[in-house]
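Below is one structure, written out as structure tokens, with a few remarks after it.
The values are calculated or read from the model by the stated rules, or taken from the named source; none is laboratory data. Just so it is clear, the model here is predicted, and its values are computed rather than measured. We place every Cβ from the backbone using ideal geometry, glycine too, and count neighbours over all the protein chains shown.
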């Protein structure tokens with residue numbers, strides 16, 4: 001899953017560094033992801049993992065790091081299975 | 001009375017790309033029906049006007065300081081009053097957060113600089 005997340009980040013987050021090299025806990029907003037880019041990341045994640053982020057998860061922390069995104073995706077996949 | 005300010009800049013080309021890539025999936029998650037109607041142009045929605053609204057929503061979020069609270073973009077609406085001035089309307093989670101933290105009298109100003117839309121939001125904080 002993490003590789004897929006990092007691929008999406010490289011395609012949509014507009015980070016100033018390669019997402020493949022970023023630490024799992026590093027703050028993606030500090031690494032250059034804008035709030036608007038996080039919308040693109042969210043939709044791309046929904047497509048890639050067949051999930052939908054509910055309003056209750058639309059908070060900065062959900063998309064703040066690779067680890068946070070991974071946790072959110074795993075939670076949504078578990079809820080839908 | 002203390003005031004709080006938030007500012008945000010949005011690249012208009014980023015919004016144009018998102019509309020082209022995701023179309024309604026992007027638009028419906030971020031902008032209210034009224035905002036989409038206000039941004040409608042002869043060739044579809046105008047990315048420039050959308051970008052200004054996104055900037056205003058993000059500037060408002062910086063004023064609201066949601067922390068761990070979820071505040072969907074749709075709970076902050078940007079519209080024009082009859083004089084053409086941009087105004088913010090909070091609803092749902094954004095309204096609840098503002099009431100709970102005593103953030104009120106939110107005022108916004110939006111504008112453009114070349115390829116960028118910008119917005120500032122100022123509000124009173126406290127009783």
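The residues of the range B:33-54 that are within 12 Å of residue B:88 (Cβ to Cβ) and within 14 Å of chain A (Cβ to nearest Cβ) amount to a single one, B:53. The sole residue among B:84, B:111, B:92 that is surrounded by fewer than 17 Cβ atoms within 10 Å (Cβ to Cβ) and within 23 Å of residue A:53 (Cβ to Cβ) is B:92.
Looking only at the range A:18-41, residues that are in a loop (DSSP other than H, G, I, E, B) and either surrounded by 13 or more Cβ atoms within 10 Å (Cβ to Cβ) or touching a strand residue (DSSP E or B) at 6+ places or on another chain (Cβ under 6 Å) (or both) come to 9 in all.
Quick check on my filter: what residues within the range B:70-108 are within 14 Å of another protein chain (Cβ to nearest Cβ) and in a strand (DSSP E or B)? B:76, the sole residue that qualifies.
Do we have residue A:69 as buried (at least 20 other Cβ atoms within 10 Å of the Cβ) and either in a loop (DSSP other than H, G, I, E, B) or more than 8 Å from chain B (Cβ to nearest Cβ) (or both) here? Criteria met by residue A:69. How many residues does the range A:58-79 contain that are in contact with a helix residue (DSSP H, G or I) (Cβ under 9 Å, 6 or more places away or on another chain) and closer than 17 Å to residue B:57 by Cα? Within the range A:58-79, residues that are in contact with a helix residue (DSSP H, G or I) (Cβ under 9 Å, 6 or more places away or on another chain) and closer than 17 Å to residue B:57 by Cα number 2. Kindly evaluate residue B:67 against the criterion of being within 27 Å of residue A:52 (Cα to Cα), within 11 Å of chain A (Cβ to nearest Cβ) and surrounded by fewer than 13 Cβ atoms within 10 Å (Cβ to Cβ). When the stated conditions are applied, residue B:67 passes them. Looking at the structure I just gave you, is residue A:4 surrounded by fewer than 20 Cβ atoms within 10 Å (Cβ to Cβ) and within 23 Å of residue B:15 (Cα to Cα)? No. Within the range B:1-18, track down each residue that is in a helix (DSSP H, G or I) and surrounded by fewer than 18 Cβ atoms within 10 Å (Cβ to Cβ). Within the range B:1-18, B:13, B:16, B:17 meet the criteria.
Select, from B:56, B:115, B:18, the only residue that is free of Cβ contacts under 8 Å to residues at least 12 places away in the same chain and closer than 25 Å to residue A:13 by Cβ. One residue alone meets the criteria, B:18. Among the residues of the range A:41-60, at least one is under 11 Å from the mean Cα position of the chain (by Cα), within 11 Å of chain B (Cβ to nearest Cβ), farther than 19 Å from residue B:24 by Cβ and modelled with pLDDT under 95.
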